[in-house]
Every structure is written in structure tokens, then in C-alpha cells.
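The structure is given below, and queries will be raised subsequently.
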Amino acid sequence: MAKLKEKIGYALGDAAAGGITWKIMSIAFPVFFTNVFGLTIADTATLMLIARLFDVVTDPMMGALADRTQSRFGTYRPWLIYGAIPFGLIFALLLFTPDFGPLGKRIWAYSLYLMMMAVYTAVNVPYGSLLGVMTDDDNEKNQFSSYRMVGAYAMGFITLLSFPYLQKMVGGSDAHQYAVLGAGFGVLAAAMTLACGLLTKERLKPVRAEKFSFKPFADLFKNKPWIYLTLIGIGTNFFNGFRYAVAAYLLTYCLGGDITINGLIINYTVFMTFGEVTCMIFGGVSPKFTEWMGSKKKAFYVATLICIVFSVAFFFVPMDASYIWVMIALVVLTSVGVGLYSPLLWSMYADVADYATEKNGTSSTGLIFSSGTMSQKFGSAISGSLVALLLGVAGFVSGTNPETGETVITITNEESVRQMIWCLFSIFPAIIACLMILLVIKYPIKK
């Protein structure tokens, strides 16, 4: 029976990855690259697409490599322990804006972004795989998964709520603010990742294949639960990816910029913070909700339905800052569904890993959990890329002045851009959630 200290230690891993680095990458990177760093909208979209093709190769390879790791720290923990510092350092460098021209900035952004994806994979795939070797008790897996989600959302809440106040405290240009905050959050993410590796325990030994083989990769595509769950995972991250990637544009171009109410600064990070704290609360409730519903599959179905209803409702709110609390209420209600299904996803990956071990005779836990990380990055970044692409189609143009190095923003069709932003936050996620419902119905494991 795992102690509370270990569950908190496990939660710190996703507090670093999901609550700091991935949260900032999802919500701030699109607007950072176009409005601060100075990439064109086309470069921003292309960058995220290239990174996804990169991940299609690195994530499964990392899963297979992690499964075969043997060290005094175990199979998966050494990747967190030794990967913590590179993880924080590269993240910090990615939020630094060098004094380069358009070509130099493009090379810097592409190089650092691909490096960040690689080190994120090297840390997060083994982290997810830890769930399969810390316990063989299904209820305890749900508890670890719940702690993980609460850690991610709690840290996401702190990160997003503090962001505008920290920017104000740092002062200077936007580029200076992002650079300083990148360094600070990078150090914190590295420390949390290291603590996770040191505080957790591997109680179960994976049943290793004697030598490397491509058979586990082939077996994945014969594993129906894995196929459905991977598509569901991509859907969940598309759902969140659209909303987080477009939130900054929504506040800036639909609501006229930051809103201050009784001293509370509501910028794009704070706007989404209300959802983070809701996800944190309902992530903790998720195991009990699943017991009440009778199965993970049914609980996931109901949670996704909640997301559809309130995402569609958001579309009908007037595009006016005076309705900000109505919008926040709908963000909160949508996040009830997200909070309920998020822990279930990782617990269901553990079920799929157990299913694969029973069917094939050897463990492919790392490989299977790598698909969860791949779907996270694929869904979030492709949605971010599509946001950039669709905003460009609607009339949003960005770039760097080659003479001054300053970022230049031009909007050729204001109403078209505003409507596109509104749909990307509401209707597009609702459509994705409808597809998730269909996939959950077909998912074959009944637990």
C-alpha cells in the first residue's frame, strides 16, 4: 500500500509537466510566437506540425527504450531523475526572444521547440509508465491517477493565476517578461520532476522481452482497446487544445483586452484559471464519480456529454466584456466534465497495458503509455497549429519587421477573425467531443 508521500511525489511529476510546461506551451505559445517572438502565422502553424511528425517517431521509440532500461533507480524513474535539469533548461530557453532577424528567430524557435518535444518525451513517457509498475491494485491505480490530475490542475491553477501578476512584477517589454518567467518556471519544473523521481517506488518488475523487436509495435495495431483509447486521448487534447490556444486571442480581439474587476486582472491565463481549479476539484472527485456510475466507460461518456452541452452554450453568449462572468461560469461548467474524465484516461491506459501483457506475454507498458503522451502532444499542438492556420485564413497576419526586429500584427478582416476565434473556443471543441462520445461507445474494455 503506497503512502501519501509517494502519491504526492507522483503528483509532482504532472504538476511540472502538465501544470507548468505543457500548460504554458498550450495557452501561451501560439500568442507568444505570433505577438511577442515575431514568427509569422504560417511559421507558427508549420512549426507545430513539424514537431508532431517528430513525435510520431520519438514517443513510441522512447516507450520501447524505457521498457528496457535497467538501473539502480529502476526502469522508469531514472529518466525523471536524470532528465529533470535538461527539461527545465530547454523550456526556459524556448521562452527567450533572441535579438535576431526573421531567419535567425525561425532557426532558434524550430531548434528549441524540437528539443523541448524530445526532452518532454524522455521525461513524460517514463513518468506515465510508472503507474503500471507502482501497484497492481486497480483502485490504487485510480487513486494515483487522480492525484496526478489534481497535481497537474492545481499547479496549472497557480501558474495561470499568477502569470499576469508576475509579468507586472517583472516589468519591461513583453519579451523580457516571458524570458524571466520562463527561467523561473523552468527551475520549478526541474525541481518537481526530480522530486517525483526520488519519492516514487517501482514495486512491480516489467516482464521484459529478451531482445529488442519491432513486434510490440505491430502488436499495438492488433490491440483494439489501444486503438480506441489513443483516438479518445487525441480527442481530449484537441478539445482542450483549441480552447487554450485561442484563449489569448479571445480576450485580446473579442473582449478588447485584459479586464480588471475590483483589482482582479482577468487576462487570458486568469480566464482559464477558473477552469483549472474546477478540474482540480473534480479530478479529485473522479474516482468516487466512477464508482457511482458503475464503470470507467460510462463515467467517461457522461463527463464528455457535459463538455458538449456547455461548449455549445458558450457560442450563444454575446461577444461583449460585460458578459465576462457568464463566460467564466460556462468555462467552469465545461471544466467539470474535463476534470471528471482526465484521471480516467490514464487509468484506462493502465488497463490497456494489463490487457496487452496478458495477451502477448511481455510488458509493453512504456510503449502503451507513450501513446498517451503522443496523443497529448499531437492533440494540443495540432490544435494550436490549426488555430494559427485558421486565424490566418480569417485575416490575422503577423511577422517581424526585418529592419527594426519588431513584431508587426495586421488584421485584414476584423469581424471574420472575431467569429473564427469564438467558434474555435466553442463549436470546434464541441464537435471533437461528439466524436469522443462515439469512440467511447466502441471502446471494448468494460471496467
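The values are calculated or read from the model by the stated rules, or taken from the named source; none is laboratory data. Model, not experiment: these values are computed from the prediction. Cβ placement follows ideal geometry from the backbone for every residue including glycine, while neighbour counts extend to all protein chains displayed. Quick note on the areas: whole protein, heavy atoms, side chains included, nothing else; ligands and nucleic acids left out. Shrake-Rupley method; radii C 1.70, N 1.55, O 1.52, S 1.80 Å.
Need the failing condition index for LYS205 against (1) within 18 Å of GLY63 (Cα to Cα); (2) open to solvent by 50 Å² or more (accessible area, probe 1.4 Å); (3) in contact with a strand residue (DSSP E or B) (Cβ under 8 Å, 6 or more places away or on another chain), just the number.
Tallying (1) within 18 Å of GLY63 (Cα to Cα); (2) open to solvent by 50 Å² or more (accessible area, probe 1.4 Å); (3) in contact with a strand residue (DSSP E or B) (Cβ under 8 Å, 6 or more places away or on another chain), LYS205 fails exactly one: (3).
Determine which single condition PRO126 fails, assuming it passes every other condition in (1) assigned to a helix (DSSP H, G or I); (2) of a type outside the set (A, V, I, L, M); (3) surrounded by fewer than 23 Cβ atoms within 10 Å (Cβ to Cβ).
(3)
While we're on this one: Here is a check on your reading of the model: is THR230 at pLDDT 90 or above and either assigned to a helix (DSSP H, G or I) or among the polar types (S, T, N, Q) (or both)?
Criteria not met by THR230.
Where the second residue is of a type in the set (A, V, I, L, M, F, W, C) and the first is open to solvent by 10 Å² or more (accessible area, probe 1.4 Å) and lies in the stretch 21-32, which pairs have Cβ atoms under 6 Å and are six or more apart or on separate chains?
These pairs meet every condition: VAL31/ALA248.
Filter the stretch 354-368 for residues that are surrounded by fewer than 24 Cβ atoms within 10 Å (Cβ to Cβ) and part of a helix (DSSP H, G or I); which is modelled with the lowest pLDDT?
ASN360
Does PRO102 satisfy being surrounded by fewer than 24 Cβ atoms within 10 Å (Cβ to Cβ) and in contact (Cβ under 8 Å) with a residue 24 or more places away in the chain?
yes
Looking for whichever is open to solvent by 50 Å² or more (accessible area, probe 1.4 Å) and at pLDDT 90 or above here; the options are LEU198, LEU250. Which one fits?
Being open to solvent by 50 Å² or more (accessible area, probe 1.4 Å) and at pLDDT 90 or above holds for just one of LEU198, LEU250, which is LEU198.
Follow-up question, since we're still on this one. For the stretch 398-447: of the residues being among the charged types (D, E, K, R) and at pLDDT below 80, which is most open to solvent (accessible area, probe 1.4 Å)?
The extreme case among them is GLU403.
Against the definition (modelled with pLDDT under 75 and open to solvent by less than 20 Å² (accessible area, probe 1.4 Å)), how does SER371 come out, yes or no?
yes
Say we look at the stretch 50-85 and pick out the residues that are surrounded by fewer than 17 Cβ atoms within 10 Å (Cβ to Cβ) and in a helix (DSSP H, G or I); which of these is modelled with the lowest pLDDT?
Ranking the qualifying residues of the stretch 50-85, first place goes to VAL56.
Identify all residues within the stretch 384-397 that are assigned to a helix (DSSP H, G or I), closer than 20 Å to PHE37 by Cα and modelled with pLDDT of 75 or more; write none if there are none.
SER385, LEU386, VAL387, ALA388, LEU389, LEU390, LEU391, GLY392
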